[in-house]
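Below is one structure, written out as structure tokens, with a few remarks after it.
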Amino acid sequence: MQWFRVTIEETGETFECSKDDDLLSGMRNSLCRKIPIGCCNGGCGACRISVTSGEYRVRKMNRAVVSESEQASGCVLACRVYPQSDLQLKVLGRKWLLRSAASTQPATGGVVEAEQQQTEAERRN
Amino acid sequence: MALTGVLRPGHIVIRVLEMEPALNHYVNVLGLIETARDSDGKRVFLKGWDEHDHHSVVLREADEAGMDYFGWKVDSPATLKRLAGEISASGLCQDLEWVAAGDHPETGERFRFRIPTGHLMELYAQKTRVGNNCGTDGPDINPDPWPDGLKGIAPSRFDHALLYGDDLDGTVKLFTEVLGFSIAERVVPTDNPDFLIGAFLTCSNKAHDIAFIRQPVKGKLHHASFELGSWEKVLRAGDILSRTKTKIDIGPTRHGITRGETIYFFDPSGNRNEVFGGGYIYYPDKPTITWYDRALGPAIFYHDRELNEAFLTVFT
């Protein structure tokens, strides 16, 4: 089996991933927990990453969480990415965050707030 | 007939990214039975073994995961017409339309409407009865308790769904004042007991037929749930999910709400499924159970007594 080294740019953490495993499974089989774990099946968008170098193939992912243009620029879900070489990536996380369901205030603008948080997070990256 | 009007959940249409892995999951792992598919293969129709009507789960191949719509069976064509009129008159719903008979195979006309939380719902009165294959001297004659040839977890039926949306007040008003549902359980803030965070609604003797949690989104699916008869069957389902390397979200555990025993897991498109056992029998004179938000942990996961992160953030 062919194995590749995956490096998370922000921290320098690495893990090994076989070419037959998706990146999230590879990380879950290691001690690394840097990429958020959600549905593990291309639906929820928790494990959104940006691949900054290396070759990979992808399986179909939920267009509601990764658009075609985002995918073209290297933004993908780790659970749907299979390495074809060593890879470097940045962790993005989900596109939007929700306030707690237990919020006692009627929900207004929670999604917008989260998008702003995300933009700030991307700026920091 | 004492149980009238909206009888029960009739069907849920789930969007899947790739049909082949989805069918492996829903047929071989979960153990639903295929009853029909479109000639182009874009929709496949399934049912649980103990459901008599033609289908209860529809998989549709699409670019986005989630739920297309949820259908309710009503007791008669007359009730269908009456409720369609009352939904229109309520002013609570949008995108009202009639869907012609035959759009779903073996199914009569359906009345479709978008509820305030953004989900599409339907009512229908007719679907062909195909039976549960238990009869030994003809359909429903001298039946065995279960049929031969079941695969995987093999739930008896599609049971309920939990949905996320923003205008919970509007949706609860529609279900209780127009469609005749009762609130079996609710979640509210300790200091504001009139503000609903969650509502668990029943149209039957079940602890819930559908549930909603307030979140600042429209039309999202948290999970689609399938009924198992016992805690032991829930544990057996856990074994099958591990053996098939199906991603488990949480469980086996128990919900405080409904008292049901549960496993949450994901289909190959990231839609959350549940297998569910136990719970109680609901009658219309049963008092509504209230959970305070500070007890939301044990309300959802009674053993852990806290939410896992995925409960609030992972949905399709």
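The values are calculated or read from the model by the stated rules, or taken from the named source; none is laboratory data. Values in this document were obtained by computation on a predicted structure and should not be read as measured data. Because the Cβ atoms are built from the backbone with ideal geometry, glycine has one as well, and the counts that use them run over all protein chains shown. Heavy atoms of the whole protein, side chains included, go into the accessibility calculation; ligands, DNA and RNA do not. Shrake-Rupley method; radii C 1.70, N 1.55, O 1.52, S 1.80 Å.
Counting only residues that are open to solvent by 10 Å² or more (accessible area, probe 1.4 Å) and either among the β-branched types (V, I, T) or more than 15 Å from B:K206 (Cβ to Cβ) (or both), how many does the range B:6-15 have?
1
As an exercise: evaluate B:L83 against (1) open to solvent by 70 Å² or more (accessible area, probe 1.4 Å); (2) over 20 Å from the mean Cα position of the chain (by Cα) and give the number of the one condition it does not meet.
(1)
With over 24 Å from B:V13 (Cα atoms) and part of a loop (DSSP other than H, G, I, E, B) as the only criterion, which of B:K233, B:K218, B:K245 stands out?
B:K245
Collect the residues in the range B:21-47 that are assigned to a loop (DSSP other than H, G, I, E, B) and either within 14 Å of chain A (Cβ to nearest Cβ) or under 18 Å from the mean Cα position of the chain (by Cα) (or both), keeping them in residue-number order.
Listed by number, the residues that qualify are B:L30, B:G31, B:L32.
Looking at (1) over 25 Å from B:G278 (Cα atoms); (2) in a loop (DSSP other than H, G, I, E, B); (3) basic (K, R), which is the one condition that is false for B:K151?
Against the list (1) over 25 Å from B:G278 (Cα atoms); (2) in a loop (DSSP other than H, G, I, E, B); (3) basic (K, R), B:K151 comes up short only on (1).
Scanning the range B:198-207 for residues that are in contact with a strand residue (DSSP E or B) (Cβ under 9 Å, 6 or more places away or on another chain) and open to solvent by 10 Å² or more (accessible area, probe 1.4 Å), which turns out nearest to the other protein chains (Cβ to nearest Cβ)?
So the residue we want is B:F200.
Give me the pairs: first residue in the range A:15-42 and small (G, A, S), second residue open to solvent by 10 Å² or more (accessible area, probe 1.4 Å), beta-carbon distance under 7 Å, and six or more apart or on different chains, which are they?
Listed by first residue and then by second, the contacts come to A:S18/A:M1; A:S18/A:Q2; A:S18/A:W3; A:G26/A:E16; A:S30/A:E16; A:G38/B:A310; A:G42/A:R59; A:G42/A:K60.
Can you go through B:T4, B:T35 and tell me which one is more than 24 Å from B:R272 (Cα to Cα) and of a type in the set (V, I, T)?
Within the list B:T4, B:T35, the selection yields B:T4.
Among the listed residues B:P143, B:P147, B:P193, identify the single one that is touching a residue at least 24 places away in the same chain (Cβ under 8 Å), touching a Cys at 6+ places or on another chain (Cβ under 9 Å) and over 26 Å from B:M67 (Cα atoms).
B:P147
Whether any residue in the range B:138-145 is β-branched (V, I, T) and open to solvent by less than 70 Å² (accessible area, probe 1.4 Å) is what I want to check.
Looking for residues that are β-branched (V, I, T) and open to solvent by less than 70 Å² (accessible area, probe 1.4 Å), one finds none in the range B:138-145, hence no.
Every residue in the range B:172-197 that is open to solvent by 10 Å² or more (accessible area, probe 1.4 Å) and at the interface with chain A (Cβ under 10 Å from one of its Cβ atoms), please.
Matches in the range B:172-197: B:T190, B:D191, B:N192, B:F195.
Regarding B:L221, is this residue under 25 Å from A:R59 (Cβ atoms), within 14 Å of chain A (Cβ to nearest Cβ) and in contact with a Gly (Cβ under 6 Å, 6 or more places away or on another chain)?
yes
Got a number for residues in the range B:106-137 being closer than 22 Å to B:L46 by Cβ, hydroxyl-bearing (S, T, Y) and open to solvent by 20 Å² or more (accessible area, probe 1.4 Å)?
Summing the residues that are closer than 22 Å to B:L46 by Cβ, hydroxyl-bearing (S, T, Y) and open to solvent by 20 Å² or more (accessible area, probe 1.4 Å) in the range B:106-137 gives 1.
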